[in-house]
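Chemist: Quick one: structure below, then a few questions.
The values are calculated or read from the model by the stated rules, or taken from the named source; none is laboratory data. All figures in this text were calculated on a predicted structure; none of them were measured in a lab. Here the Cβ is made from the backbone with ideal geometry for all residues, glycine too, and neighbour counts use every protein chain on show. With ligands, DNA and RNA removed, areas are computed over all heavy atoms of the protein, side chains included. Shrake-Rupley method; radii C 1.70, N 1.55, O 1.52, S 1.80 Å.
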Amino acid sequence: MGEIKVIVVATQPAEPLGYKGPLALVRLCGVPLVIRCLYTLKSVGLREVLLITGPYGPVLKGLLGDGSGLGISISYAEDLRGALSWLGGLEALLVPVGAVASESFFKLLMDQGGELVAHDGDERLDVVRLSRRSLEEALGKGLRELGEIASFLLEEGRAKALDISSMVFQEPHLKRALRPMCVIVRDRASWLRAKRSLVFRTQKGLHFTSYINKPVEDRLVYHISERRGITPNAITVLGNLLAFSIIPLFITGYFLHASLLAYLVGIIDGLDGKLARSRGFLTKLGHIEHSFDMLFEQSWYLSFITGLYLALGSWWLPILGGAFLVLDGFVRHVYICLLYTSPSPRDRG
């Protein structure tokens, strides 16, 4: 794979969604589209970006600066002609700022050779990989819009259509196989479709409890994701406070109350990670969340065993409970070992 630079076209207005100003600043799950797009590009190693601003240069420069706050390098141009000298002789990835895409989508475009126009079935996505020469010729013909450039490349036989609709990639961080995702936000309908797609992809793994909790968690995430005051860290703290309040309930024999509260904690425990994934940002607290989960869950088991022993007085209960804790620790160790030896994100299912 040769070196690729990224050109993000952010000239579109937000009027089709009922807002004034640039589409780039419309929020999806609480995050402006431009920041979501740049963060996803950064996550796949594309850290040099030219932002085509149109009339929105001052507001976008004021928000993003040189990109150092996001860990990338951002240059600016008013239109695509300004990209020619910036590109040099390298290939470019043309991306509309409304592209809400998975990492696997961009990795696919990076791994493929030649000039490409992305499609999702019959829908052309107007995400284009092309050479500097092709861009120069398209601009020379007076083409300015991404859709016009994509049509030119396909009609001239310069680019091939890359259909993602039948492709499936193993997503190790989600522990399941999924299609690459790319939804181009242009209006209210596509905004809603992008949001539903994001929430669907927040599920980490598929197991018994996920089938029970997923509908509730997804519905809650869908509704709270636009509320910027509700953060994944705040949900993590709330979940842990409730989790440790269950311990005295088990010890004192309130098993039904403790079990109902434990189910509620299970729902809350799924929300923080899903909310973070829907927004595209992980926090330091999120990275150690599983350690907190293990701490309160093991505390539940121990307090449940203690409560049963105090209620029934059977000598074998502590022995059985101790054996269960040892077995649970072993299972968690195996899980962690498998997690860190997972296939690369580019391995396909």
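Chemist: To the nearest whole percent, what portion of all C-alpha pairs in the stretch 4-72 is separated by more than 16 angstrom? Write down the numbers at each step before the final one.
Modeler: Values: 1059 of 2346 pairs.
It works out to 45 percent of all Cα pairs.
Chemist: Something else now. Please report the accessible area of HIS257 (heavy atoms, 1.4 Å probe, ligands and nucleic acids excluded) in Å², nearest 10.
Modeler: Roughly 110 Å² of HIS257 is accessible to a 1.4 Å probe.
Chemist: Okay, moving on. Which order do ARG27, ARG227 take when ranked by solvent-accessible area (1.4 Å probe, heavy atoms of all protein chains), largest first?
Modeler: Correct descending sequence by accessible area is ARG227, ARG27.
Chemist: Taking Rh as the Kirkwood radius, which is the inverse of the mean 1/r over Cα pairs, what is the Rg/Rh value for the stretch 148-189?
Modeler: With Rg and the Kirkwood Rh in hand, the quotient comes to 1.13.
Chemist: A follow-up question, please. When all protein chains stay in place, what accessible area (Å², nearest 10, 1.4 Å probe) is found for MET294?
Modeler: 70 Å²
Chemist: Using amide H atoms built 1.01 Å from N in the peptide plane, name the residues 5+ places from ALA14, or on other chains, whose amide H lies under 5 Å from its own.
Modeler: Under 5 Å from the amide H of ALA14 lie the amide H atoms of GLY21, LEU23, each far enough along the sequence or on another chain.
Chemist: So which of LYS61/LYS274; LYS107/LYS160; LYS5/LYS61 end up more than 21 Å apart, counting from Cα to Cα? Intermediate values should be presented prior to the final figure.
Modeler: Values: LYS61/LYS274 31 Å; LYS107/LYS160 17 Å; LYS5/LYS61 19 Å.
Exceeds cut-off: LYS61/LYS274.
Chemist: Could you tell me the ratio Rg/Rh of the chain? Both radii from Cα atoms, Rh via Kirkwood.
Modeler: My calculation puts Rg/Rh at 1.08.
Chemist: Quick one: work out the % antiparallel among DSSP beta bridges in the chain, nearest 5.
Modeler: That works out to approximately 45 percent antiparallel.
Chemist: At R0 = 22 Å, how high is the FRET efficiency between PHE200 and ASP163 if r is their beta carbon distance? Nearest 0.05 is fine.
Modeler: Computed FRET efficiency for PHE200 and ASP163: 0.65.
Chemist: Can you give the FRET efficiency to the nearest 0.05 for LEU238 and GLU123, using r as the Cβ-Cβ distance and R₀ = 30 Å?
Modeler: So the FRET efficiency works out to roughly 0.15.
Chemist: From the phi of every residue in the stretch 42-47, what ³J(HN,Hα) in whole Hz does the Karplus formula 6.51 cos²θ - 1.76 cosθ + 1.60 yield, where θ is phi - 60° and glycine or proline is x?
Modeler: So the J values, rounded to whole Hz, are 4, 5, 9, x, 9, 10.
Chemist: Using 1/(1 + (r/R0)^6) with R0 = 41 angstrom and r between the beta carbons of LYS42 and PHE330, what's the FRET efficiency to the nearest 0.05? Write down the numbers at each step before the final one.
Modeler: Values: r = 38 Å, r/R0 = 0.92.
Using R0 = 41 Å, I get an efficiency of 0.60.
Chemist: Taking H as built 1.01 Å from N, whose amide H comes closer than 5 Å to the amide H of ILE7, not counting residues under 5 places away?
Modeler: When sequence neighbours closer than 5 places are left aside, the close amide H contacts are LEU50, LEU93, LEU94, VAL95.
Chemist: Charges at C-beta only: +1 for Lys and Arg, -1 for Asp and Glu. How large is the resulting dipole of the stretch 90-194 about its Cα centre, in Debye rounded to 20?
Modeler: So the dipole magnitude of the stretch 90-194 works out to roughly 300 debye.
Chemist: Can you give the accessible area per residue of the stretch 1-111, in Å², using a 1.4 Å probe?
Modeler: Details: 4020 Å² over 111 residues.
Accessible area per residue, the stretch 1-111: 36 Å².
Chemist: Of the accessible area of the stretch 86-219, with the probe set at 1.4 angstrom, what percent is carbon plus sulfur?
Modeler: Whole-percent figure for carbon plus sulfur exposure: 51.
Chemist: Normalized C-alpha radius of gyration of the stretch 19-165, against 2.2 N^0.38 Å?
Modeler: Ratio of Cα Rg to 2.2 N^0.38 Å: 1.01.
Chemist: To the nearest 20 debye, what is the magnitude of the charge dipole of the chain about its Cα centre, counting +1 on the Cβ of each Lys and Arg and -1 on the Cβ of each Asp and Glu?
Modeler: 360 debye
Chemist: Which value, in Å² and to the nearest 10, is the accessible area of PHE105 when all protein chains are kept and the probe is 1.4 Å?
Modeler: 0 Å²
Chemist: Counting other C-beta atoms within 10 Å, and keeping those with at most 14, which DSSP coil chymotrypsin sites (Phe, Trp or Tyr not before Pro) do you find in the stretch 1-68? Write down the numbers at each step before the final one.
Modeler: Values: sites: TYR19, TYR39, TYR56; in loops: TYR19.
Loop-located and lightly packed - TYR19.
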